[in-house]
Structure formats: C-alpha cells, structure tokens
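A quick write-up on the structure given underneath.
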Amino acid sequence: QHAGPHVGPMFPPTHPVANAPVGTPPPTVDGFVREFLHELTSNQGVSLERSTVNDQYLALAQTVRNYLSARWIETQKKQRTTRPKGVAYLSAEYLLGRQLGNNLLATGLIDIAEEAMKQCGLDIAVLRAQEVEPGLGNGGLGRLAACFVDSLATMNVPCIGYGLRYEYGIFRQTFVDGQQVEQPDTWLALGCPWEFAHPEHAIQIDFGGTIETYVDADGVERTRWVPEWNVLGIPYNYMVPGYLNGRVNTLRLWSAEATKAFDLAIFNSGDYAQAVRAQTFAENITKVLYPEDSTPQGKELRLQQQYFFVACSLRDYIERVLGPEFDLHELDSRIIFQLNDTHPVIAVPELMRILVDLKGFDWDEAWAVTKKCFAYTCHTLLPEALEVWPVDLLGRLLPRHLEIIYRINEEFLDEVREAFPGDEMRIRRMSIVAEHPARAVRMAYLATVAGCKVNGVAELHSQLLRDKVLPDFSQLWPEKFTNVTNGVTPRRFLRLANRGLSELISSAIGTGWVTDLERLRELEPYAEDAEFRSAFRDVKTRNKAKLNEVLIARDGIELGQDHMLDVMVKRLHEYKRQTLKLLHIVTLYNEIISGRLDPKTVTPRNFVFGAKAAPGYLMAKQIIHLINAVGSTVNADERVGGVLKIAFPPNYNVTLAEKLIPAADLSEQISLAGMEASGTGNMKFQMNGALTIGTDDGANVEIRRLVGDENFFLFGMSEPEVAELQAKGYDPGTYYESDRRLRGAIDLIGSGHFSGGDRGTFGSIVTNLVTVDRFMALADYASYMDAQERVEKAYADTEEWTRSAVLNVARSGYFSSDRSMRDYIQRIWGTPPAF
Ligand code: B1H
C-alpha cells in the first residue's frame, strides 16, 4: 500500500550484499565507522574531534571509494580476459554533478553511511553539501555524456569515457547589481577524492612543425610529420559505478603538462624563466573549459584541447587497452568511437595518421578500418554552432592532419562525382573544405563522411538534420542517418534527487523501475487513486519546503508560500526565449499595476530562473540583467501583493537542478520550434511530476505524444509554420502594433520602469525585439499567453492537476538514458547486448 513516504525501508538490505566485492563480508554500520575513522586518521591525519567538515567529507568519500575500487579492479580484470567489444565515448564535456551521493546509491551504502555518520555525531547531509561538483561541461551536451556513462555501467556495457580534465570548469556565476560576473570555478581547491592520477602513464602529444616525405626500407615513399613542440597528457581516472550491479566502468580525463625533454633543453640553455614559461604554456591546454554553449569559438587553444584529448585517447586505447599484439585491421571488432558532436572529430585524421604513418597500412586499408570505427552525434541545428576550422590554423597546428583531410575530401568528392556526374554545384556544397568566406574545414561534414552512422538527438531534430543541415549527404547515404532520442539517468534525477517521490513510487510498484523505467507505467492506475494523489502532493510540498531552505541558505531568496512553482532553467540563449517568459511576467505585472487585473484573481506563482550566459554573449547578459531588474521591481511592488514572485538564484548547476526540479509544478520549454535539438531538462521535469508548457520542438514533441495533449500545454508555431513565416518575411513590428498587452509590456521595459527611469539600459533588448526578433518571440506571444491561462485554470483544479502530474511520471519511462543506450547499441554500435 502507498502509505506515504515514511513507510519502511524501500530499498531492501540485500542490495549492499549484492554489490559487495566477491569474497568480502557485507558492509555493516560498525565496519563502515571503523573504515571512516581509519581514513580520517590515516589520510587526513586528524582526529574526529579536530576534523573539519572538509576532512570528514574527504574521509567519507575515501571510504566509499574503497568499496568501489575492488569492483573496479575486478571489472577490468574480467574485461582483459573476455575482450568484449566496447564503446569509447569521446566528449570534450562531462557535467558530472556531485559524486558522493551517486556513489553511495550505486553501492547500496546510503543507509549504512547515514547511520555510521550519525554514530560519529555527524550529519551526512552536511558532509554531502561540502562536495564541489565537477562542472566540466556547459549544459545539456555535457550532462548527456554523464547520463550515458551512468547508463552503460548500469547496463553492464563496457565503456570508457574519454575527455578533458579542465582545471577550471564552467565559471561560477555571481550577480553584481543584477549583472552577471564570472568567477573562476576552483573545483580542485579542497581536493578531489574521486580521481586517480597516473603520471606514469603519461602520453606525449605533438603539435606544429612540418611534413616530409621519405623512402622506407621497402622502397615505398611515405610521409611523416616532423612536429615542433609537444606536451604530456596525464590520465586521471574516475570510477563510473553501475547501479547495484558490481560493475565499475572508467572515465579517463586528460591533463596537460610540459614534457621533461622540452624544458630540460631550455634549462640547460640557462634560460630558467623561459623554461618555466614553457611549463605554463603546456598546462594552459587543460586550464579552462570554453564557456560557449552551442556557439564554438574558433580559438587556437580550443583546437589544441580537442586534438590533445583525442590523440591521448586513441593512443591509450590502441596501445594500453588493446596492446602491441592486437591486429589493428580488426579494430572495429573491439571498439566504436562515438563522437559527441564535432568537438572530437579531429580523431578521424589522427586514426588515419596512426594507421598509415605509424603502422604502415596503405591508405585504402586504413580508410576501410577508420570508417567502421567512428559514429557521429550531432546536437544542433543552429548554423553558427557548426564547427569550422580555418585551414591556415589547422595547417599550422596539425599539418599532417590537414593533408589527410584533403585526401579524404578528394576521394569523397570523386565518389560524389560518380554518383552525380556533372553536378559541380553539389560538389562545392558537399566539400569538406569550404572556400568561402575563408578556406575552412567543416567538421560536421568530415564526421559525416567518416562516420558509419550519423544521429540526431530527438525525432524532429534527426529529421531536420537530414532535410535541412545535411540534405546532400542523406541523399547520398540515406542508410547512414538515424535518430536516438536523448534520455536522462533516473538514478540521479529521480531516485537520488527526489527521495520522497522514489519511495512513494516504490511503495506502489516496487523498486524495479530504477533500472527499468518503463515500469513507471504501472503507476497509471494510481492517478485515479485519491489517496495516492494526496501522498504525491505531500511529496511535492515537502520538496518545495526543502527548496525554500536551500534557497534561503544559499542566496537569502525567499519564495512565496503556497505558490505554484514555475521554473525555467537552462543556458541563456535567445533561441530558448527567456524573453518570452519575461514578456508573460511583465504583462501580468503591467495589467495589475494599471488596474486591469485584480491580483486577488491571479494564481500566486513563483517564477524561478536559472541560466548562465556565455561571457562574450552580450545580448544574453543583458537579458540576465533584465530578468533581475524585473524581479527586484515586481517583488518589491506592493500593488502586486506578493502573488508574483521572481527568483533568479545565481550559478545554476547540476547540484541546484537536483533541488529545483523535484519541487517544480510547471516546466518551461519554450524555444522557437526547430531550434532546440532535444532538451533534456524537459525530461527531468516530466519524470519528477511537473507539467510542461512548451512548443513543438526537440523532445517536447515526443513528451507530448507520450503524455497526451490533455496533460501538456502546447503553444506556438510548428516548425513548418516557422519556416513558412520566415520565407514570407517576418516583421515583429506588426505584432507589437496590433497587440495591446504585448505593446504595454514592451513599452514598460522601454520606459525605464525596471531601470530606475533609464531608458537606455534595456534599449537594445527592446529595439531588437520589435525590429529583428530572430527567434520570433512576438509571433508566439499571444499563443503563449493563452496557454498560460490554460495553466492557471488547470492548476486551480488540484485533483485534476495532480492526476496529470502522476500520468506525466508514469509516462516518462521512455526518457531513461538506459533506453537511449539500448537504441545506440541496436542502431549504431552493434555491441552485443549481454556481456
Ligand atoms: C547542445 C551544444 C554545444 N547542442 C558547442 N550543442 C559547445 C555546442 O563548447 N561548445 O562549443 C557546447 C555545447 N550543446 C545541446 O545538446 C542542445 O542544445 C540540446 O538541445 C540537447 O538536448 C543537448 C544534448 O543533446
């Protein structure tokens, strides 16, 4: 029976036993206490009485890590004997979130650790709060990589995640007078207990220089690269535990250091200062994550990062995992390199170089192998997001790779000529090397030519990818293109983040859903059960109370009590349309203060924003400023009577997401149709029982199809309607002129009402909206306002709303990243399903 969240132990004590390393006794509270105290004294060198919270956190993390490492070693040992085909996920970003809670969950140690800490007089929640999350990603793309490696470990699939160990992850956002100010993210400052450094396995990576031809021992003319400088790549390993299955996969992130030979030479020349500078130069490569989400910067250091990590990763896999005995003609029998967007695509010419220049393959042989070993995932449709590297930059940094790309391109274009004789326009369109505006390599084209498969990240996105971004390629190779809709891990985003809901679900249908999320379907009948709905509401209410505590402690923000919680959290980008959300709020506010709307008739609402702007994206930064300005004005205006509350906690990250999402009633997914490749926040909200207000974009399309129209607030133009309006010529001014409420809201912003009377502060936002409005916020405004009215009406009927919320949860099983991984295995990787 579903007696609410306080009933019995939901996750039975068989789990820790099931996950304990073979031959070790099951963990006990006493044993855990002993190990914890041992770690505290031997690793931190302090007594419990004298220890700081950081000491305690580190000792607890060490204790958990000890449980995992035995399984990790076993997993690797088994793999060395069975030699299964595995996945190497190549990603410049992993947005992992805090590790301690997840690792406690994966080992089944949550309850034991909590009790053990209690016996030591400690509150485990305080220790967990001490962890600084590794923010080694920008947003959805990086978080997706983290969800995927979690799912693969849980599904017992061999996988190595390869990436970069940035010394500074995504910046820490602060607000000064409502404006974003970036602070460095010093995630390593207090020590990271989860990483294993292996400087003894350093790999040397070359850059620059020239190429030369020579005649080898067999009299064959060959090419080789004579590089100019090099750095060392140091692997740092992280454990990726499966959920209660004893498997631990590896995430291997690379850190750059100066090579000894390099600075020794300079030391010997007597120039000490220059030698130290060389070191700094090398270390720069992994110093900082580029904070642009979706618009890559064509900076040389960024290309250095990309080549550095894929070159380290290929060498590591070929030389250390496979070893010198392995016949590389069979490479595809042991590995598939999945390219997470174009960021790692330089791996393609790198593998060709290894095979041809270093292993003596002839070109055709090498190309045949390479084509089978890569698959490419595209995450965008925005033209400015498609990565392109100027030929002169590539040639300076990686001359041999540029030459290899040219040859790949020549042979590819011959193939196109054969398929479409005389179609020179097509040749120019499809060339991997663009001629205009400057000669540059189109990385998405290179990935498409080299990849055995190309996939988009939601159905609509994959279709638009075929029809609009790569139409010539999908005509040439229709069978190459496929879709894998994104997913999110239910371990972190439901089981861990929403313990109350997890226990309620398990009390109704058992615990199997954690690894088989489709079983949430069994909740459907409970939507009709008043007692269950009441328990479900109690969980939401408690989650809101917890969120309030967090926001007060974190930022001194107080939300309205008993308000609907309306949340828009994602990177700040014009295509995501935070301004449309603002126009809704400003309209309500304007109608209230001008006496046309009685605040007593408005459903009290908390509007919560979370968003980082790329530091160089000025419009995005101004929008942040405007959100904060509207917030402080509206929150302070007594005429509103507190029915509209705006909160913008700074530094939205995975940790905050885990607090916000379980408390939300309404999920804002309001991008212009055809712009958001998938979205994954949308899935997390649905899974936690929020209803969505959204456009027919990205994965929203699939969410709506699954939950049904009656449980989703759809608004706005469809993608074909957007295209039609675009073609016809879009004029935002006509919407501004003809809609009184819209004009009122925009004029209020333009009047300086939110900027102490200064009309200039937000002038460029206003001008841009009424004259350009690239993402058509004004065109969708009326429809959005309508949908928000439907939200208000629906929310007033508490029982019906809860029913919808329960159905949203029940129908979210498809969005488990376990399902995404099964789709990748079936449609792309072909790794056998059992290991
Ligand atoms: C997504 C990016 C991205 N798409 C360039 N593209 C970057 C592009 O550092 N860079 O240069 C960083 C990130 N990120 C997101 O991927 C999409 O916008 C989302 O819609 C999607 O859900 C997510 C995961 O597929």
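No lab work stands behind these numbers, since they all come straight from the coordinates. Just so it is clear, the structure is predicted and the values come from calculations on it, not from any experiment. We place every Cβ from the backbone using ideal geometry, glycine too, and count neighbours over all the protein chains shown.
Taking every C-alpha pair closer than 8 Å and separated by at least 6 residues, the mean separation divided by the residue count of region 123-271 gives a relative contact order of 24 percent. When the pairs Lys544/Lys793; Lys287/Lys581; Lys544/Lys684 are compared against a 28 Å limit on Cα-Cα distance, Lys287/Lys581 fall above it. Centroid-to-centroid, using Cα positions, region 285-308 and region 747-785 are 33 Å apart. Across region 432-448, computed HN-Hα scalar couplings (Karplus, 6.51 cos²θ - 1.76 cosθ + 1.60, θ = phi - 60°) run 5, 9, 7, 9, 10, x, 9, 4, 8, 8, 8, 5, 5, 6, 4, 5, 6 Hz from first to last residue, x flagging Gly and Pro.
For Ser255, nonlocal amide neighbours, meaning residues 5 or more places apart or on other chains whose placed amide H falls under 5 Å from its own, are Arg165, Ile234, Tyr236.
Pairs of Cα atoms nearer than 8 Å and 6+ residues apart set the relative contact order; for the chain it is 13 percent.
Counting only aspartates and glutamates at least 8 places from Lys659 when in the same chain, those with an alpha carbon closer than 12 Å to its own are Glu549. A cut-off of 5 Å between modelled amide H atoms, ignoring neighbours fewer than 5 places along the same chain, links Val181 with Thr174, Phe175, Val176. Sparse packing (at most 16 other Cβ atoms within 10 Å of the Cβ) combined with a DSSP loop state is found for the following GluC sites (Glu not before Pro) in region 318-403: Glu325.
Please compute the length gained on full extension between Arg277 and Arg83, using 0.36 nm multiplied by the number of residues separating them and subtracting their Cα-Cα distance.
65.5 nm
With an 8 Å cut-off on Cα pairs and a minimum separation of 6 or more residues, tell me the relative contact order of region 508-821 in percent. Computed value for region 508-821: 24 percent relative contact order.
In the chain, how does Rg compare with the Kirkwood Rh, expressed as the Rg/Rh ratio over alpha carbon atoms? Let's see the in-between values first.
Numbers: Rg = 27.5 Å, Rh = 28.4 Å.
Taking Rh as the inverse mean 1/r over Cα pairs, Rg/Rh reads 0.97.
Only DSSP H runs of four or more residues enter the estimate; each adds -39500 (n - 2.57), and after division by the residues of the chain the mean residue ellipticity at 222 nm equals -13500 deg cm²/dmol.
Note that region 790-798 has calculated 3J(HN,Hα) couplings of 4, 4, 4, 4, 5, 5, 5, 8, 4 Hz, one per residue in order, obtained from phi through the Karplus relation 6.51 cos²θ - 1.76 cosθ + 1.60 (θ = phi - 60°); glycine and proline are x. The amide H of Tyr168, built 1.01 Å from its N in the peptide plane, has Val288, Leu289 as neighbours under 5 Å, considering only residues 5 or more places off or on other chains.
In bins 20 Å wide, starting from 0, what share of all Cα pairs of region 508-821 does each bin hold, as a percent? With 20 Å bins starting at 0, P(r) equals 32, 59, 9. Once each part is reduced to its C-alpha centroid, what is the distance from region 630-706 to region 48-85 in angstrom? Each part's Cα centre sits 36 Å from the other's. 3J(HN,Hα) along region 734-751: 5, 5, 4, 5, 9, 10, 4, 5, 4, 4, x, 5, 5, 5, 4, 5, x, 6 Hz, from the Karplus curve 6.51 cos²θ - 1.76 cosθ + 1.60 with θ = phi - 60°, whole Hz, x for Gly and Pro. Its residue count N sets the reference 2.2 N^0.38 Å, and the alpha-carbon radius of gyration of region 135-206 equals 1.45 times that reference. Between region 188-233 and region 794-812, how far is it from one alpha carbon centroid to the other, in angstrom? Cα centroid to Cα centroid, the span is 56 Å.
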